[in-house]
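The values are calculated or read from the model by the stated rules, or taken from the named source; none is laboratory data. Since the structure is predicted, the reported quantities are computational estimates derived from the model, not experimental observations. A quick note on method: Cβ atoms are made from the backbone with ideal geometry, for glycine too, and the neighbour counts reach across all protein chains shown. Calculation scope for accessible area: heavy atoms of the full protein, side chains included, ligands and nucleic acids excluded. Shrake-Rupley method; radii C 1.70, N 1.55, O 1.52, S 1.80 Å.
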Amino acid sequence: MTATARTATPDRTDVIVVGAGPVGLLLAGDLRRAGARVTVLEQLTAPTTESRASTLHTRTMEILAERGVLDRLGPLPDGGPGHFGGLPLDLRTAVPGHPYAGQWKCPQTRLEAALHTWATGLGAWVRRGHAVTGLHQYPDRVVVSGIELGAGPRRFAASYVVGCDGERSTVRQLAGFDFPGDDATLEMLRADVAGIGIPDRRFERHPHGLATAHRWPDGTTRVMVHLHGTPPGPRTGPPSFDEVVAAWAKVTGEDIGHGTPVWLNAFDDTTRQADRYVKGRVVLAGDAAHVQMPVGGQALNLGLQDAAALGHRLAALATGRPAEAGAGLDDYDRLRHRVGARTLTGIRAQSRLLLGGPEVEGLRAVLAELLGLDQAQGHLARAISGVDLLPPHDTQGAAA
Ligand SMILES: Cc1cc2nc3c(=O)[nH]c(=O)nc-3n(C[C@H](O)[C@H](O)[C@H](O)COP(=O)(O)OP(=O)(O)OC[C@H]3O[C@@H](n4cnc5c(N)ncnc54)[C@H](O)[C@@H]3O)c2cc1C
């Protein structure tokens with residue numbers, strides 16, 4: 001659990017957040033708003049430019065609006081009605097008339113840039129080029145050790161540490177959280193391709209698999225393809241373009257091999273959730289706490305909503321105001337674990353409906369019929385939008 005470190009006196013703060021992804025940055029800003037000193041340790045020396053999530057749901061939009069981050073993002077395009085496992089589901093039915101009803105498009109890179117400016121503007125100290133490699137809990141503090149790029153070993157101490165360090169979370173492993181779940185059984189390949197002219201399509205089902213294509217404003221086309229009956233192979237990196245081209249041809253009959261790949265990626269239905277989100281003075285949030293198929297943007301939204309539920313509670317504890325923390329971290333653990341488990345169940349259902357072959361046709365037909373009922377539609381739309389299961393105190397952030 002402990003790594004050797006040469007630094008004699010570790011820097012001391014109230015909360016260390018490991019990971020400057022969207023979840024870590026939102027949390028850091030919230031901690032500052034509630035008066036806690038916060039240091040964010042991030043291994044990357046610069047923000048990632050990788051294309052990732054792009055969908056924001058109603059509750060997330062509220063969270064960003066409450067903190068003034070939405071204004072920093074400027075107008076966001078409407079993301080259209082939504083889906084459940086590829087079946088039409090109008091997310092606007094979650095809270096009809098709500099200013100953020102539905103879903104909204106925002107590239108994750110843009111969101112992270114806005115969150116970074118906001119959090120550092122509030123006084124969060126984001127230290128890039130710091131990879132965390134060790135962690136030790138004491139009765140009154142946690143000591144985190146790591147490597148500062150170009151400078152060597154470093155140590156930091158805080159009252160609490162939050163692992164916002166993504167699906168392979170070092171913090172989760174170092175603190176010994178169990179991470180039960182299921183390995184992948186289904187996989188989807190995707191690529192942004194320049195120089196091809198194929199029609200847009202959404203979740204088009206074919207005998208050999210599923211195909212989606214969407215032309216971005218810059219002229220590249222995002223293709224996503226799943227081949228029925230092909231289990232995910234062991235991957236150490238993205239798929240080759242040849243693999244995407246072959247899968248696309250088999251499913252759709254179209255040749256996109258003359259295009260130029262700008263980005264290649266594969267994702268699968270691995271599903272895991274930490275058995276709890278709090279262990280002593282170590283807390284998990286975002287992908288560090290739960291790994292799921294990134295279907296419908298729920299991975300990002302779930303993580304941001306974790307952070308929003310944690311910040312004010314943790315700040316109260318870390319700054320010696322336990323009365324303001326209520327049930328404190330137990331509350332966070334219970335609430336967000338329950339929401340996470342439910343969301344992961346929904347995502348698993350969606351991944352099977354979306355990527356299953358002929359064997360799921362009957363299920364899809366029955367569900368499509370049920371989704372024709374307002375009550376069923378509204379129920380699922382509220383769950384995906386993050387606006388149910390929400391006690392009133394979770395709509396409150398800390399004072400700005
Ligand atoms: C290629 C890709 C495509 C995706 N596409 C989608 C999508 O289409 N839809 C969707 O909803 N979601 C998608 N996701 C998932 C979505 O991006 C995540 O849910 C979201 O980024 C979670 O945010 P996070 O802050 O919890 O973790 P992350 O964004 O993973 O951030 C974790 C941060 O911690 C840092 N870190 C890790 N280990 C250490 C360490 N030891 N020391 C210091 N820093 C560390 C990392 O460098 C990183 O910056 C995608 C993810 C990837 C990787």
Seminar exercise, completed: Counting only strands (runs of 3 or more DSSP E) entirely within segment 251-334, those with at least 2 residues that are among the aliphatic types (A, V, I, L, M) and under 26 Å from residue 178 (Cα atoms) are 282-284
For this session: Show the residue pairs that are 6+ apart or on different chains and have beta-carbon atoms under 6 Å apart, the first residue being within segment 297-322 and more than 15 Å from residue 66 (Cβ to Cβ), the second being open to solvent by 10 Å² or more (accessible area, probe 1.4 Å) and among the aliphatic types (A, V, I, L, M).
Result: 297/53; 300/53; 303/23; 315/34
Exercise. Looking at 164, 106, which one is within 21 Å of the chain's Cα centre (by Cα) and within 16 Å of residue 39 (Cβ to Cβ)?
Worked result: 164
For this session: Within segment 50-77, track down each residue that is more than 15 Å from residue 297 (Cα to Cα), touching a Ser or Thr at 6+ places or on another chain (Cβ under 9 Å) and modelled with pLDDT under 95.
Result: 50
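Anything in segment 182-200 that is open to solvent by 40 Å² or more (accessible area, probe 1.4 Å) and more than 15 Å from residue 212 (Cβ to Cβ)? List them, or say none. Don't jump to the end; show me each part of the working.
Step one: of segment 182-200, the residues open to solvent by 40 Å² or more (accessible area, probe 1.4 Å) are 182-183, 185, 195, 197, 199-200.
The answer is 182, 183, 185, 195, 197.
Would you confirm whether any residue within segment 122-141 is outside any strand (DSSP E or B), farther than 22 Å from residue 22 by Cβ, within 21 Å of the chain's Cα centre (by Cα) and not β-branched (Val, Ile, Thr)?
In the first step, residues of segment 122-141 are kept if they are outside any strand (DSSP E or B); the result is 122-124, 129, 138-141.
The next check asks that each one be farther than 22 Å from residue 22 by Cβ; those that pass are 138-141.
From the residues that got through so far, the ones that are within 21 Å of the chain's Cα centre (by Cα) too are none.
Within segment 122-141, none of the residues are outside any strand (DSSP E or B), farther than 22 Å from residue 22 by Cβ, within 21 Å of the chain's Cα centre (by Cα) and not β-branched (Val, Ile, Thr).
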Problem set entry | Candidate set: segment 34-58, residues that are open to solvent by 10 Å² or more (accessible area, probe 1.4 Å) and either among the basic types (Lys, Arg) or assigned to a helix (DSSP H, G or I) (or both); chosen: the one farthest from the ligand (Cβ to nearest atom) | 37
Exercise. Are any residues in segment 256-294 under 26 Å from residue 387 (Cα atoms), open to solvent by 10 Å² or more (accessible area, probe 1.4 Å) and of a type in the set (A, V, I, L, M), and if so, which ones?
Worked result: 278, 291
Problem set entry | Sole exception among (1) more than 11 Å from the ligand (Cβ to nearest atom); (2) open to solvent by less than 50 Å² (accessible area, probe 1.4 Å) for residue 141, by number | (2)
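Could you tell me whether residue 76 is of a type in the set (A, V, I, L, M) and over 18 Å from residue 164 (Cα atoms)? Please lay out each step first, then the result.
Details: of a type in the set (A, V, I, L, M): yes; over 18 Å from residue 164 (Cα atoms): yes.
Here the answer is yes, as residue 76 does meet what is asked.
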Problem set entry | Subset of segment 168-183 [within 12 Å of the ligand (Cβ to nearest atom), touching a residue at least 40 places away in the same chain (Cβ under 8 Å) and either of a type outside the set (D, E, K, R) or assigned to a loop (DSSP other than H, G, I, E, B) (or both)] | 169, 170, 171, 174
Exercise. Of all the residues that make up segment 158-167, how many are acidic (Asp, Glu) and either crowded, with 23+ Cβ neighbours inside 10 Å or assigned to a strand (DSSP E or B) (or both)?
Worked result: 1
For this session: Would you check if there is a residue in segment 148-157 being surrounded by fewer than 23 Cβ atoms within 10 Å (Cβ to Cβ), in contact (Cβ under 8 Å) with a residue 24 or more places away in the chain and in contact with a helix residue (DSSP H, G or I) (Cβ under 7 Å, 6 or more places away or on another chain)?
Result: no
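Quick grid of which residues meet (1) in contact with a helix residue (DSSP H, G or I) (Cβ under 8 Å, 6 or more places away or on another chain); (2) closer than 30 Å to residue 209 by Cα; (3) of a type in the set (D, E, K, R); (4) open to solvent by 20 Å² or more (accessible area, probe 1.4 Å):
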| position | (1), (2), (3), (4) |
| --- | --- |
| 78 | no, yes, yes, yes |
| 89 | yes, yes, no, no |
| 94 | yes, no, no, no |
| 98 | yes, no, no, yes |
| 111 | yes, no, no, no |
